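Engineer: A single structure is presented below for examination.
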Amino acid sequence: MPRFVIDPHGGIPAYVQLKNQIKLARANDELTPGETLPSIRALALQAGVGAGVVRRAYRELCEVAVLRTRGAVRRIFGFARGPT
C-alpha cells in the first residue's frame, strides 16, 4: 500500500491531492483491482488530514468508477486509470 502525502502549502485542495495520488497509484499498479483501501479514519491519520478530506476523495473516486464500496469497505476497481 503506497503512502499518501498531502502538501498543505501546495495550493491544491487536500482531497484533490489525495484523489490524484490514489489514481496515480492505480495507474502505476501500486494499487491493484480488488485491493482494499484503508478506512477513512486510518487514511486520514496516515495522511495527516481530516476524515472529511478522505471521505470526499473516496466519494469522488466512486463517482468516476476508480473505487467500489460495499458498506464501509472500499476496493480499487479495475477500469479507471490515472489522474483526470
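Engineer: Calculate the all-directions average of the projected area of the chain's alpha-carbon convex hull, and give it in nm².
Structural biologist: About 4.8 nm², averaged over all directions.
Engineer: Between Ile12 and Arg75, what is 0.36 nm times their sequence separation minus the Cα-Cα distance? Round to one decimal in nm.
Structural biologist: Contour length minus the Cα-Cα distance gives 20.2 nm.
Engineer: For a quick protection proxy, order the peptides 9-15, 35-41 by their average other-Cβ count within 10 Å, most packed first.
Structural biologist: Those peptides, ordered most packed to least, come out 35-41, 9-15.
Engineer: Dipole size in debye (nearest 20) for the chain around its Cα centre, Lys and Arg Cβ +1, Asp and Glu Cβ -1?
Structural biologist: Dipole of the chain, to the nearest 20 debye: 280 debye.
Engineer: Within the stretch 1-38, name every residue whose backbone N is under 19 Å away from a label modeled 7 Å from Cα of Arg55 along the Cβ vector.
Structural biologist: Under cut-off, by backbone N: 13-19, 37-38.
Engineer: A further question follows. Determine the relative contact order of the stretch 14-76: mean sequence separation of Cα pairs under 8 Å and six or more apart, normalised by residue count, in whole percent.
Structural biologist: 43
Rule-based calculations on the coordinates, nothing more; no lab input. In this text the structure is predicted, and so the values were computed from the model without any measurement. Note that we place each Cβ from the backbone using ideal geometry, even for glycine, and neighbour counts take in every protein chain shown.
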